[in-house]
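Since the structure comes first, as structure tokens, the remarks are kept for the end.
The values are calculated or read from the model by the stated rules, or taken from the named source; none is laboratory data. Quick caveat, the model's predicted, so the values are computed rather than measured. A quick note on method: Cβ atoms are made from the backbone with ideal geometry, for glycine too, and the neighbour counts reach across all protein chains shown. When the accessible area is computed, the model is the full protein with side chains, heavy atoms only, and any ligands, DNA or RNA have been set aside. Shrake-Rupley method; radii C 1.70, N 1.55, O 1.52, S 1.80 Å.
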Protein chains: 2
Amino acid sequence: MTEIKLLVEELNNIPWQDKPEGWERPVWRYTQNPIIDRNPLKNVARIFNSAVVPYQGEFIGVFRGETLTGIPYLYLGYSKDGINWHYEEEKIHFVDQEGNDFMPKYAYDPRLIKVEDMYYIIWCTDFYGAALGLAKTTDFKTFVRLDNPFLPFNRNGVFFPKKINNRFILLSRPSDSGHTPFGDIFISESPDLEFWGKHRHLMTKGTNWWESLKIGGGAAPIETTEGWLLFYHGVTGTCNGYVYSMGAAILDNENPSIVKYRCQNFILTPEEWYEERGFVGNVIFPCATLQDGATGRIAIYYGAADSYVGLAFTTVKEIVSYIKANHSIVGDDEEIGIR
Amino acid sequence: MTEIKLLVEELNNIPWQDKPEGWERPVWRYTQNPIIDRNPLKNVARIFNSAVVPYQGEFIGVFRGETLTGIPYLYLGYSKDGINWHYEEEKIHFVDQEGNDFMPKYAYDPRLIKVEDMYYIIWCTDFYGAALGLAKTTDFKTFVRLDNPFLPFNRNGVFFPKKINNRFILLSRPSDSGHTPFGDIFISESPDLEFWGKHRHLMTKGTNWWESLKIGGGAAPIETTEGWLLFYHGVTGTCNGYVYSMGAAILDNENPSIVKYRCQNFILTPEEWYEERGFVGNVIFPCATLQDGATGRIAIYYGAADSYVGLAFTTVKEIVSYIKANHSIVGDDEEIGIR
């Protein structure tokens, strides 16, 4: 059996803590969680569901900031260690391709992904209904919005970090106009980020109870020797509301509309106070990872209770082995997903 | 003032009846309605919400046939006069682009539209949720399905009958997974029918009560000297269910994401027994028109009460004058519809 490895660059300053002794699961929390507490900025009550990337030897991030009006916008943040962050006080200013102001009416749950030499932000925006917004930047100073890739209603847009067959690849969850008590992950392609198609069904909500209501893409998939490692969120419904856990699956390297392995167990579920309590209690919502190709270390950033940001760790060997050991395909996930 | 004219080909065998004396509205019903009654085929209980085109000097149509299982499929029909129809007994057989069987799990509310030398069928299909299906044919013998243009959930797909700026143009209504108690019309473009984008919001549900719940594209827009004439459906909610009426608007010739005129009045609403009574009472649902460039005559085919097909008539002068005389723009319909 070949060794399980990350197929990504080195990142020797990745935030890291070793696995605590006696912890038997493949993912463990940072002991100083939450890394982002309430009221992090003058006009922002809560930061959560946010995304980070390595940038010029340090780290940069796009953060969901809930303003005091209750309306969320995106904020830029900087960090030397990936743990302690400071932020621009003004929300990110977007322009259209002619350079004119083009601000979203609201913006939440950003993902930030580098593809080739460009950084892309994809978030949930108002397009006469909740839909995916898309912007690009090279310098984190000018943010140019592109056309919204899809019609409403859609949430949880996640880019792949590289093109496959010269196409951009985008995960999303078609939704409804409310809190969407259903939902599967779909995968789409674009040659140019202007036009999208080749839509395929990727994964159905689970038969396992922790993800029985809906699922949605989380962090950008990570390339490994076993396939694309996807951390996603799975939701169950209870008499007192939704509970969001983190799940994991591995997609085919060449044709990621095919699920190779899917973990029947959640890999992280709300247990700590900052996950159970908050504006929306019982939410773990992964939006980004950092990974080090040299050591196989993975750091997972997740929104907690719509109020905080938490950090968790695993290694490619631990998580991939665990997914394979607890593999259980649901529905026709192994198919290409065309009807 | 220039004369209001259709910018379409002659169709001298268009079905036609003159306007009845004393009828003051711009659209009038065929006196022998419904033109398609219940149980039109051995295994089909009801035909409704269907589309027709001129073909080889006669007429051909794609019909929504509700089978005895209750599941709808598409059926091919032929007519010499556009009024009396006979049908293939077997449902339309679709293949993929390699010629392999590619049948939809269900198929309803087809539109049939000729663009350049190709006939396109667009319908509501199961794509792990209700979405738009798309197929093409030149001979009405081989029907090749293309990729589904959009992610779920979407209904009421309507092609424009010609390309604009070398792009195919498609109207649709983003929906939810149920009976969708909301909905606006959006407009999208494609260079190749493979990838879609440039999504814009076209028209919002109305402030007028007859269309206060949702709207959706109806027949393919008709090119006129005043703009693209669009017959659509508007829905209101009552304590005893939805009521579907027919509305009309005129879109800008060059940039059809801009509404030039919108008629504040419905132009046809359920009144006759075949519109009020049926599987779903109180439904008028236009899906197709025929038009004669020589005389300005327009024949409108509409589904009635999810049980019958009705025919109605107008002329380009009557309907365009009426829309302009009763013009009332809603929301930001006059804008391009980008956010």
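At least 3 residues being within 16 Å of residue B:255 (Cβ to Cβ) is the threshold, and among the strands (runs of 3 or more DSSP E) wholly inside region B:167-229 those reaching it are B:168-174, B:185-190, B:195-203.
Within 10 Å of another protein chain (Cβ to nearest Cβ) and out of contact with any Cys (no Cβ under 6 Å at 6 or more places or on another chain) - does that describe any residue in region A:137-145? Yes: region A:137-145 contains one or more residues that are within 10 Å of another protein chain (Cβ to nearest Cβ) and out of contact with any Cys (no Cβ under 6 Å at 6 or more places or on another chain).
Just name the residue that is farthest from the other protein chains (Cβ to nearest Cβ) out of those in region B:322-339 that are closer than 16 Å to residue B:253 by Cβ and open to solvent by 40 Å² or more (accessible area, probe 1.4 Å). Among them, the one singled out is B:324.
Considering only residues in region B:100-122 that are outside any strand (DSSP E or B) and open to solvent by less than 50 Å² (accessible area, probe 1.4 Å), the one that is farthest from residue B:62 (Cα to Cα) turns out to be B:102. Please find, among A:82, A:61, the residue that is touching a residue at least 12 places away in the same chain (Cβ under 8 Å), assigned to a loop (DSSP other than H, G, I, E, B) and open to solvent by less than 10 Å² (accessible area, probe 1.4 Å). None of the other options fit; the residue is A:82.
Scanning region A:174-192 for residues that are in contact (Cβ under 8 Å) with a residue 40 or more places away in the chain, within 28 Å of residue B:191 (Cα to Cα) and facing chain B (nearest Cβ under 9 Å), which turns out surrounded by the most Cβ atoms within 10 Å (Cβ to Cβ)? Ranking the qualifying residues of region A:174-192, first place goes to A:175. Any residue in region A:271-282 that is part of a helix (DSSP H, G or I), open to solvent by less than 40 Å² (accessible area, probe 1.4 Å) and within 16 Å of residue A:220 (Cβ to Cβ)? Checked against the condition, which is being part of a helix (DSSP H, G or I), open to solvent by less than 40 Å² (accessible area, probe 1.4 Å) and within 16 Å of residue A:220 (Cβ to Cβ), region A:271-282 yields no hits at all.
For region B:193-239, the candidate set comprises residues that are among the polar types (S, T, N, Q) and at pLDDT 95 or above; within that set, the residue that is least open to solvent (accessible area, probe 1.4 Å) is B:224. The condition (being in contact with a Lys or Arg (Cβ under 6 Å, 6 or more places away or on another chain), more than 11 Å from chain A (Cβ to nearest Cβ), touching a residue at least 40 places away in the same chain (Cβ under 8 Å) and under 27 Å from residue B:223 (Cα atoms)) is satisfied by just one residue among B:119, B:108: B:108. The residue that is farthest from the other protein chains (Cβ to nearest Cβ), among those in region A:156-173 that are under 21 Å from residue A:235 (Cβ atoms) and under 11 Å from the mean Cα position of the chain (by Cα), is A:158.
Of the residues screened, residue A:97 is one that is within 14 Å of chain B (Cβ to nearest Cβ) and surrounded by fewer than 17 Cβ atoms within 10 Å (Cβ to Cβ). Tallying residues that are within 14 Å of chain B (Cβ to nearest Cβ) and closer than 28 Å to residue A:315 by Cβ within region A:206-242 yields 3.
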